Structures are given as C-alpha cells and as structure tokens.
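Asker: I am attaching a structure below and will ask some questions about it afterwards.
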Amino acid sequence: MYHYRKTRKTYTKLNKTDKERAIGCPFPFCDDDSTQEILDQNDTMYVIANRVKYDVFEGRRVLDHLMIIPKRHVETLSEFTRQEWQQFGELAGRYEALGYNVYARGVASVSRSVKHQHTHLIKCDDHQHKLLIQSQHPYMMIHVR
Ligand SMILES: [Zn+2]
C-alpha cells in the first residue's frame, strides 16, 4: 500500500501531532475523547474511517479505507478474548462481503505506526495500474495510468 507524496505528508503530520498530544495511547477512543465519527461498532470493536486513506493497495486505486479498532487497548491479535475474536470476525466478514480487503500488519512490522492493534478494511477499484514508479522512500511514488 502506498500514499502519493501529498497524502503521505498529511499522514506523517497527523501521526506526529497525535503522538505529541497523547499521554498514553495515541489511538482514537483509547486514551482520548476523539471526535472521529464511529461508522459501526459492537460491544468490543469500533469501525472508523482512516483519516488519511491509502492511495494505492495491491496496485489498485483505493476507493475507501476503514479500520476495525478494538475498544480495549491491545497490541496484538493474540491478546483478543474469545468475545473480541467473535465480534472482530463478524465485522471483518461483513466488510469482506462488501468488497473490502482485510489487512493487519504484524507486531514486528516497521511500517506499523501505532501499537494499538488495528485492522485495515480497504476497498479498491478494478483498474490495475500499468506502471508504478517507486522512489527511495517506500511510501513516496509516482504513478502512471
Ligand atoms: Zn490504545
């Protein structure tokens, strides 16, 4: 997944502000009273829109980018309770059926921006980019359709 140069700058700036502002966990609804809109939820999970969606995922243009976030602060899927697994699975399955890819980075991933476990729900168009030119930074790229 990639951000174009302009959205990458916005993403980096917002993440920096979140980390400076947060006392504990910088994730929305964990340690703060976020004003971010909750699109869907159950007893243990929220679904919210990613503030800065990816531009490209698996070579396709991203149309919508949401996230499933556990309400409880957990850092890995393995910390989920039985109830959290069930409710996570219900949401992931529902959005998968609506055409979203379900994606979570591993704990050791250097690309993971926040420790609070979060799972991306990414809906793409059907058009495969014919050429992707990637600069040195893995998130900055130029694309040609
Ligand atoms: Zn948290």
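Every read-out reported here was derived from the displayed coordinates using simple, explicitly stated rules and does not represent laboratory data. Bear in mind that the values here come from a model prediction, so they are computed numbers and not experimental data.
Asker: Hey, which of these cross-link pairs are over 23 Å Cα-Cα: K6/K115; K9/K115; K6/K123; K9/K71; K6/K71?
Answerer: Flagged as over cut-off: K6/K115; K9/K71; K6/K71.
Asker: On to the next question. If you take the C-alpha gyration tensor of segment 36-133, multiply each eigenvalue by 5 and take the square root, what semi-axes do you get, largest first, in whole Å?
Answerer: Numbers: eigenvalues 119, 49, 27 Å².
Sorted largest first and rounded, they come to 24, 16, 12 Å.
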